[in-house]
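Each reported figure results from applying straightforward, stated rules to the coordinates on display, with no laboratory input. Predicted model, so just to flag it, every value in this text is computed and none were measured. All Cβ positions, glycine included, derive from the backbone under ideal geometry; neighbour counts span all protein chains shown.
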2 protein chains.
Amino acid sequence: MALARAITLVEATHPGKQKQAQYLLTKVLQHNQDIEHHSFRGPRTFRIGLSGPPGAGKSTFIEVLGKFLTNSGHKVAVLAVDPSSSTTGGSLLGDKTRMPNLSCDMSAYIRASPSCGTLGGVTRSTNEAIVLCEGAGYDVILVETIGVGQSEFAVADMVDMFCLLIPPAGGDELQGIKKGIVEVSDVVVVTKCDGDLLPAARRIQSEYISALKFMRPRSAVWKPQVARVSALEKAGVSELWDLTQKFRQLRLDSGELITTRRKQLRLWLASHVRDHIMGRFQQHPRVRALLPDMEKMVMDGLITPGLAADYLLEVFVKGGRGDEGNDMH
Amino acid sequence: MALARAITLVEATHPGKQKQAQYLLTKVLQHNQDIEHHSFRGPRTFRIGLSGPPGAGKSTFIEVLGKFLTNSGHKVAVLAVDPSSSTTGGSLLGDKTRMPNLSCDMSAYIRASPSCGTLGGVTRSTNEAIVLCEGAGYDVILVETIGVGQSEFAVADMVDMFCLLIPPAGGDELQGIKKGIVEVSDVVVVTKCDGDLLPAARRIQSEYISALKFMRPRSAVWKPQVARVSALEKAGVSELWDLTQKFRQLRLDSGELITTRRKQLRLWLASHVRDHIMGRFQQHPRVRALLPDMEKMVMDGLITPGLAADYLLEVFVKGGRGDEGNDMH
């Protein structure tokens, strides 16, 4: 499948492959731009971020939502951001066996998180995978995160709408929800609203409704909502989708959807620079040649770390041509 | 006072002042090295990090410990790491009014946190302030943190010994203690061990003794201890000091004290590079000239943020001589 190969290409660390990937991405971006200019006065696609503590039933929910969407004629891509897999060596997210029905669906594409990399690296390849999925005709992109480190906030910065999934569980079990994550949520979805859990689900729903009242809304046209779903009974999914479409229309009409996407792009640029600049520094030939001596001088207490850092940065910035092997004179 | 002026110099952001500061620091480092070579087979000074949740009684404890030390003939410097003051515009820490007795003591020096800056910036100036205090003859350096962001971990990386102060309070009140902070503590100090709080203090002490058993010790020669003090009754302070001196001697004899200081110096070098490299990037004249157009192209969806970042980094690394205004041809 061409899309899978393209995403593998943007995840590659080999410089030659990265060049190919960037060429491909530029072509796809131009293609996406052409379609938007000819057919629609705003993004054709909708990107939804999904997060929640372990036990919130994310996979089950995504499978049910995904099937609902493909049955309604949408093409759905599911992408995962899971920097934790860099330490465990394998990803639990995006695993096709978690979503048996959706992974057999011809209108759905499920992509596991790359099995190695920092949050920065995973974020970059996920951002680029979103562009490729949209280029391949997927119109709803679900970006899922396991909630390790700052990954929820990274996901909130790459989607049009952020949903926090909460299981109907009390106090202690909700400790796993990161501080600040409710503030960036456009919709809080209480999952497992069925059977014995229904009373607890109703209680959690009203708790979140009260909590959200105290938070400053991120949008001028949208107040965060609390929805209830049951993946088991397939209840509330259609209502939740109507809610997301109301959100999308309001944000589109107010211009916020486009403004936010533009802001996100600028943010990604800054974060890519931040992530890659240290790699450039460490690979710089004159820095590499000087570093061991500088480290020794610092460790022997002969110069301060601050002074050594200033000197190495000077070499890095001023001696830029060093990596071509000739020094101009 | 010369020391205060010197620390103000290392905190300065003006390039000319920073140059002077680095010259001064190098001189002070050489002076410190000379003394160590002639008088002692290891560091003369002892650096203690102190952290704890709000309400742990840090100021009161530091005042009592500080007075105990100056009465025993030590010269004590108290430095604060408080990156939060960058947003509030003023620092609560290091405020002399918090420690009325110690601030009148001729053998003590109390320094407020610089009133602006990132964690990186505050860390750098605190590291350099430690060197200056040692150069000025202070032999016990107490580095205090309010525990915002990652500041405790930054402090744990700049001291010989890290103490976590815990008030005798139960469950919920201890939520403020950051995950992982107990693991980096060499001594846990239960404060306010007096009067009505004594039973609670004893319970907390035994809870921490059990908890520490499950943690992997950071040193081959030291197992983290739990001590009790009462600043009110001035009890336990002398015993705590004996404990820190036992720690210091064991670490000194095993060579760990010196190894750790060397490792910390290398760590600071890396973190200074990380903190300053982005500033260099943003100030680079060709990057500054290109950035607005690149940002616009990214926001218009014409190139990916990743590709734009790669291009800007290329300009930054290769076009280093741009800031001298001539391009060699």
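How much length, in nm to one decimal, is gained on full extension between A:THR259 and A:LYS296, taken as 0.36 nm per residue of separation minus their Cα-Cα distance? Present the calculation step by step, with values, prior to reporting the outcome.
Working: separation 37, 0.36 × 37 = 13.32 nm, distance 4.93 nm.
Extra length from A:THR259 to A:LYS296 when fully extended: 8.4 nm.
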Packing rank of B:66-75, B:48-57, where each peptide gets the mean count of other beta carbons within 10 Å, highest leading: B:48-57, B:66-75
Residue mean of other protein chain beta carbons inside 10 Å, B:284-296: 1
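What does the charge count around B:PRO224 come to, taking other residues whose C-beta lies under 12 Å from its C-beta (Lys +1, Arg +1, Asp -1, Glu -1)?
On the way: positive: B:LYS213, B:ARG216, B:ARG218, B:LYS223; negative: B:GLU183, B:ASP186.
Computed value for this residue: +2.
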Amide hydrogen neighbours beyond the local backbone of B:ARG228, cut-off 5 Å, H modeled: B:VAL190
Within 10 Å of each Cβ in A:307-314, the average number of Cβ atoms from other chains: 6
Average beta-carbon neighbours from other chains, 10 Å sphere, peptide A:224-232: 0
Point-to-point label distance, B:ALA4-A:ARG44, nm (Cα→Cβ direction, 7 Å offset): 6.8
Built amide H within the under 5 Å cut-off of A:ILE110, gap 5+: A:VAL78
Distance (nanometres) between label positions extended 7 Å along Cα→Cβ at A:ALA235 and B:ILE209: 5.4
Note, ³J(HN,Hα) from phi for the stretch A:59-69, Karplus 6.51, -1.76, 1.60, rounded to Hz, x at Gly and Pro: 4, 4, 4, 5, 4, 5, 4, x, 5, 4, 6
Inter-copy label distances at A:GLN245 (7 Å, Cα→Cβ; nm, one decimal): 7.8
Eligible lysines near B:LYS19 by straight Cα distance, threshold 24 Å, same-chain separation 8 or greater: A:LYS296, A:LYS318, B:LYS27
Cα centroid separation - the stretch B:187-216 against the stretch A:148-167, whole Å: 38
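Once the Cβ-Cβ distance between A:THR60 and B:ALA220 is put in as r, and R0 is 56 Å, what FRET efficiency do you end up with, to the nearest 0.05?
Working: r = 48 Å, r/R0 = 0.86.
Here the calculated transfer efficiency is 0.70.
Under the rule a/c < 1.5 gives rounded, and otherwise a/b versus b/c splits prolate from oblate, where does the stretch A:272-319 land using the Cα gyration tensor? Let's see the in-between values first.
Working: a/c = 2.11, a/b = 1.85, b/c = 1.14.
Cα axes put the stretch A:272-319 in the prolate bin.
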Integer Hz, Karplus 6.51/-1.76/1.60 couplings in order for the stretch A:281-292, x for Gly and Pro: 4, 5, 8, 5, x, 6, 5, 4, 6, 8, 3, x
Amide H within-cut-off set for A:ARG47, under 5 Å, with H built and near neighbours excluded: A:ILE141, A:ASP160, A:MET161
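Around B:LEU132, with a cut-off of 14 angstrom between Cβ atoms, what is the net charge of the other residues, counting Lys and Arg +1 and Asp and Glu -1? Show your work: numbers first, answer last.
Details: positive: B:ARG5, B:LYS27, B:ARG47, B:LYS75, B:ARG111, B:ARG124; negative: B:GLU11, B:GLU128, B:GLU134, B:ASP139.
Once all neighbours under 14 Å are counted, the net charge is +2.
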Label 7 Å beyond Cα on the Cβ vector: A:ARG202 copy-to-copy distances, nm: 4.9
Using a 7 Å Cα-to-Cβ projection, B:GLY16 label spacings across copies, nm, ascending: 5.5
Summed side-chain charge close to A:ALA77 - residues other than A:ALA77 whose Cβ falls under 10 Å, Lys, Arg +1, Asp, Glu -1: +1
Protection proxy ranking of B:214-224, B:154-164 - average other beta-carbon atoms within 10 Å, highest first: B:154-164, B:214-224
